[in-house]
Every structure is written in C-alpha cells, then in structure tokens.
1. Round to the nearest 0.05 the FRET efficiency obtained for residue 116 and residue 141 when R0 = 22 Å and r is the Cβ-Cβ distance.
2. Tell me, what ³J(HN,Hα) does each residue in the stretch 110-125 have, in order and in whole Hz, if you take phi through Karplus 6.51 cos²θ - 1.76 cosθ + 1.60 with θ = phi - 60° and put x for Gly and Pro?
3. Considering Cα pairs under 8 angstrom that are at least six residues apart, work out the relative contact order of the stretch 117-170 and quote it in whole percent.
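Laboratory data are not the source of any read-out in this text; all were calculated from the coordinates shown. Being a predicted model, the structure only gives us computed values, none of them experimental. As a convention, Cβ positions derive from the backbone with ideal geometry for all residues, glycine included, and neighbour counts pool all protein chains shown.
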Amino acid sequence: MEKTSNCIASSMVCLLFAGIIPFVLGCENLSIKKAGEKITESSVKTGEAAKELGQNISEETRAILEEVKKGTNIVATEIKEGGIFVSKKGEVLIDRTKEEFSEVSITAKIMAKYAKSPKVSALHINVTTVKDQVILAGTVHCKEEIIEAINLAMSVEGVENVTSLLEIRK
C-alpha cells in the first residue's frame with residue numbers, strides 16, 4: 001500500500017514539473033512541450049496502473065483474509081469439539097474416580113469396624129465393594145460371626161446391599 005502511495009506521489013510531482021517548467025522558462029520549444037505531454041501522459045498511466053494494482057492487492061488481501069478466517073473458524077470448532085470430547089472423557093474419569101474412592105472408602109470403613117469388633121475376625125474376611133454393593137467372602141468361627149459381619153457392613157453409610165459368601169470353619 002505504501003508503494004502505491006509513493007507511485008501516485010511521484011506521478012503527481014512529474015505532472016507538476018511537466019506543467020510548470022515550460023511555463024517558468026517561458027519556452028515555447030516544441031520538443032520541451034512534447035516531452036512535458038509525454039511525462040503527463042506517462043504519469044497519468046502510472047497513476048491509473050498504481051490505482052489498479054492497489055485494488056488488486058486489496059482484493060487479494062481480502063480473499064486471503066477470508067481464507068484465514070475460514071481456517072481459523074475450522075480450527076476453533078475442532079478445538080471446541082475436541083475440548084468437549086476431552087471434557088466428557090474427563091467427566092467420566094472423575095465420576096469413575098469418585099466411585100472408586102467411594103468403594104475403597106466403604107471397604108476401609110467396614111474393615112475398621114471388623115478390626116474394632118470383638119465378635120468378628122477381620123483377618124479371615126475379604127470385603128469387596130462394587131458401587132453400593134458389598135460382598136463378604138472368607139471363613140468365620142460361627143453363624144453369629146456371619147450375622148455380626150453382615151450387620152457391621154450394613155451399618156456403613158453408602159452400603160445398600162450385603163452379599164455374604166462367608167463359610168464356617170471346620
């Protein structure tokens with residue numbers, strides 16, 4: 001754009017000198033007059049060419065900017081969709097982590113109750129928690145120990161169901 005402005009300015013200077021020089025010198029010399037006319041004509045053509053060039057550059061610039069804008073929109077959409085995808089995956093992972101933490105927490109609370117209880121032997125009972133379901137497996141001394149193990153497990157917050165696979169030792 002700066003080059004176009006410089007060309008137009010140069011053309012204007014040439015036109016100015018072409019018209020002033022013969023007048024100042026007071027020359028009616030035909031060759032100087034023809035040279036002035038040629039300079040004027042050339043300057044006009046140069047100005048028109050510069051103007052056309054500027055318009056072509058502007059149109060090309062607009063087209064390039066439009067392509068860049070389209071590309072930017074595509075990339076932004078892909079990032080947004082990718083971000084949503086990542087976000088949804090993250091939500092699933094967070095939900096699963098919370099669930100696993102809850103399962104581990106329930107198991108730990110049950111095992112702590114067994115460790116404190118004089119009626120239940122925590123060493124021989126395996127506790128498995130899946131969501132809010134608890135499975136007890138292993139061996140115990142008597143039927144009363146099975147009942148106490150189930151009752152202690154059911155007393156833990158978050159436990160909905162207890163399945164006992166406990167067997168009495170022989």
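1. 0.80
2. Calculated HN-Hα couplings, in order: 5, 4, 5, 5, 5, 5, 7, 7, x, 9, 10, 9, 5, 5, 10, 10 Hz.
3. The value is 40 percent.
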